[in-house]
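Structure first, then comments.
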Amino acid sequence: MSTGGPNRLQDIARHVGYQDDIYFRRKFKQITGVPPAAFMKNSRQKIAAYHFPNIGQLLALEITPCAAPADHPWTDYYKRKYQLNTVLALSADEAERHQQLQLAKPDFIIGVDILVSAEEQNRLREIAPVFFVPWLEHDWREHLRLIAKFLDKSASAEAWLGSYERKAKFVSEEVKQTLKDDRLLILQISGNLYQVLGDRSLGADFLRRFTNQGCCWN
């Protein structure tokens, strides 16, 4: 996104209802973790989500990926919010996917280490700087922080995590009153497929907050 001249930021502030530019800048940094100018500069970067878990991680960092797996089950809400018609749909075929990324010329590629071979990792590095999330070594919070550090967006990650903690605490207290001593199982449903979320996922984190007993995992 271009700054569009000296009045660009002022125009944005007015458009979202802020008459005081200084207050707008302060609130923007409080919510996103970065000043508006830095946010606009970062938004010009083209970052590809090589695997579907990376999509949510990038969105949490206020980054709409320039490319993402075509088979990800985007909801209508996300399609509307993030204008996904501009996101390059990456093929499931490895050779075609590489060709797509070569033509797209992303600034960075984010992937998951256990989902890609060493040979494929090396080929991706020839296209752009790549960060592969060490999936089995950390939980989802650390995954987000590691990606943010690689992309120089640590402030955005901490702002998002702080917001998440506040919202999760409020929701968990509300849900506990309904569940009481019952147990909760969180599923990801896509078409005819049902998947129990792993014990390192964000969904598992919610489950631990909602119940005292937790759940048995497959």
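Values quoted throughout were computed directly from the atomic coordinates according to the rules given, and no laboratory measurement underlies them. What you are looking at is a predicted structure, and each value in this text was computed from that prediction instead of being measured. When we count neighbours, we look across all protein chains shown, and the Cβ atoms used for this are built from the backbone with ideal geometry, even at glycine.
How much length is gained if the chain between V175 and K46 is pulled fully straight, taking 0.36 nm per residue apart and subtracting their Cα-Cα distance, in nm to one decimal? Before the final figure, lay out the partial values.
Details: separation 129, 0.36 × 129 = 46.44 nm, distance 3.88 nm.
Using 0.36 nm per residue and subtracting the Cα-Cα distance, I get 42.6 nm.
What net charge do the residues around E126 carry, taking every other residue with its C-beta under 13 Å from that of E126, with Lys and Arg at +1 and Asp and Glu at -1?
On the way: positive: K105, R123, R125; negative: E119, E120.
Taking every other residue near E126 into account, the sum is +1.
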